[in-house]
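The values are calculated or read from the model by the stated rules, or taken from the named source; none is laboratory data. Owing to the predicted nature of the structure, the values given are computational and were not obtained by experimental measurement. Don't worry about glycine lacking a Cβ; one is built from the backbone with ideal geometry, like all the others, and counts go over all protein chains shown. For the accessible areas, the whole protein counts, side chains as well, though only heavy atoms, and no ligand, DNA or RNA atoms are used. Shrake-Rupley method; radii C 1.70, N 1.55, O 1.52, S 1.80 Å.
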Amino acid sequence: MLSRTAFVVLLMVAASASAQQEPSPRTQAEPQALRIDRELSARSELNLEEGQNRLLMLSEDIGRVAVANPNVADLKVVTPRQLLLTAKSAGDTDLTLWDKANKPLVVTLHVTRNLDALRAQIRKLFPNEDIHLSSAGDLVVLSGTVSDVRIPERVAEVARLHSKEVANLLQVKGDQQVQLEVHFAEVSRSALREMGVNWFDKSRTGIRVGGIAGPSTPPGAFVNSGINNSIPGAGVLSPTGQPPDLQAPQFSDAFSLFFSQNFSGFPVSVMLSLLESHGLAHVLAEPKLVTLSGQQAKFLAGGEIPIPITGGLGQVNVIWKKFGILLSFVPTVIGADTIHLKMSTEVSQIDPTLSVTIAGSTVPGFSTRRSQTTVRLGDGQSFAIAGLLSERTRSQVDRIPLLGSLPILGALFRSTSYRRDETELLVVVTAHLARPLAPKEAPPLPGSSIRPPGDLELFLLGWQQDPSSPGASGGSGSDVAEVSPSGPYGFAP
C-alpha cells in the first residue's frame, strides 16, 4: 500500500517538472512568412505578325515551357533544343522557358497585324520610294521618304483599304521652297491726227454775224470778247476797224492756228486746229517671291485708293481698291525638280480718262492687265503664261453735208480725227527651287554701301552721297552707286 502511494507521488512530481519546462503558447516562436527573393523580367523581345512562325534554337535542353496568353501565341516543343513559335492574333504575351536545372528565361512577344499584302501592293505601286509600314493595334503607321508631294496622300489612300486608322508620317525629300520670278513687259504705241476749222464773220456795223463751228465747239464759244480781250488787236469790232472775235478751237489738246482780219467791208476770223501725236509707253515689272511648297504667297507693290460707295439712307461707305503690281501664287513641288504652279498676276494703274462721277463724287478708273493660270515647269525653266497683241484704229469725220465732200475746199467744212493704238504684252514666269543662305553668303543690300554727304558736299558741291562711298564718283545724282544683284537670278546664287 505504501509503495503504490509513493509511485503516484513520483508521477505528480514528474508531471509538474515537465509543465515547468514547456514554454507557454505566447512565448513560442512564430513561423517564418513566405516572400519573393527576386523577380525575373523579360530578357529579350520578339516581334511577329499574325500568322507568322518563328523557330527558336536554344543553347541548352529545355525542361518545360509556358505561354501567358494562348490566344496570342502558341509554343510547341520540336526537340529538346528547338521550339516552334506561332503568332495567332494581335496582342502581347510572355513566354517562359525552363531548362533541365529549372532555370527560367522570360521572353516578351509582340504580335501585330499582318501587313504583307499591303507591303506588296505599295511596293508594286511605288517601286522607287522608300516607304516603311508598321502597326500598333489596329493602327497602320506609314513612314519613310518619298520624292513627290502627291505620293503621301496616295499611299494613305491605299492603306485605308486595309485599315480604317492610318497614321501618315511620310516626308517629301528635296528642296521644298520655291522662288518665283514674274517678268511683265508691255509696250503701248499710239498715233493721233486731228484737223478742224472754225471761222467767223461779223459785219462792220455789227448787225450781222456768221460762221461755222465744229461739233465739239459751241457756237458761242470765243477765245476773247470786249470784256476779256485776251489777244491783242482782236476784240469787238468797232468803227476804228478792229478784227472780229476768234472762235474757240475744236480740239482742246490741238495746236491752234488763228487769223482775224478786217478786209474792206468783210471782217473775218479763222481758227485752225491741227494735231499729230505719237505716244510710247513701256511698262516693265519683275516681282520675285519665295514661299514653301503648298503655301500661298502674295506680293503687292503699289497702294490702295479709297472708293466711295453710297449706301442706304444717304450714307457713304468707303472701300479700298488695290493697284500696282500684285502677285499671288501657290507652288507645289511634285518631284525632284518639277513644280506645279497656280498663280495670278495683275498690273494696274489709275487712269483719269476712265473716271466717272457718281452723286457728286469722282470715282477713278483703272487700267488693269490681269492673268490667272496653272502651269507645270521644271527647276529654272520659264513659261510665257500670257501674251497680247492688240491694235485698235478709230477714225471719225464730221462734216457739213455737200460742202464737206468737196475735194479741197471741203476741208474748211469738216472735222477729222484719226487715232491708232497698238499694245504688246507678255508675261513670263520662272520658278526655282530655293535654299536658304548662310549669313556669310548673303549678298549686300541695295544701297547699303552709300553714305550720306556732309554739309559741304551737299550744299556747296551738290553731291548726293559721300565721295568715299564704294563706286561713287561725286557730282550729280546720276553717279550714285548701286548694288546690283550678284546671283544668276535675283539675289539668290
(1) touching an Asp or Glu at 6+ places or on another chain (Cβ under 6 Å); (2) open to solvent by 80 Å² or more (accessible area, probe 1.4 Å): which one isn't true of Thr108, the others all being true? (2)
Is one or more of the residues making up region 431-441 touching a residue at least 12 places away in the same chain (Cβ under 8 Å), in a helix (DSSP H, G or I) and either more than 47 Å from the chain's Cα centre (by Cα) or surrounded by fewer than 18 Cβ atoms within 10 Å (Cβ to Cβ) (or both)? yes
Take region 297-329 and flag every residue that is under 19 Å from Val428 (Cβ atoms) and not hydroxyl-bearing (Ser, Thr, Tyr). Ala297, Phe299, Ala301, Ile325, Leu326, Leu327, Phe329
Identify the single condition in (1) buried (at least 16 other Cβ atoms within 10 Å of the Cβ); (2) farther than 28 Å from Val166 by Cα that Pro80 does not satisfy, given that it satisfies every other one. (1)
Scan region 191-211 and give yes if some residue there is modelled with pLDDT of 70 or more and open to solvent by 80 Å² or more (accessible area, probe 1.4 Å), otherwise no. yes
Condition broken by Ser89, with the remaining ones in (1) surrounded by fewer than 16 Cβ atoms within 10 Å (Cβ to Cβ); (2) in contact with a Gly (Cβ under 6 Å, 6 or more places away or on another chain) satisfied: (2)
If Gln372 passes every condition in (1) more than 29 Å from the chain's Cα centre (by Cα); (2) over 29 Å from Gln250 (Cβ atoms); (3) not aliphatic (A, V, I, L, M) but one, which one does it miss? (1)
Please go through region 306-341 and pick out each residue that is open to solvent by 30 Å² or more (accessible area, probe 1.4 Å), touching a Phe, Trp or Tyr at 6+ places or on another chain (Cβ under 8 Å), over 26 Å from Leu377 (Cβ atoms) and not basic (Lys, Arg). Pro306, Phe323
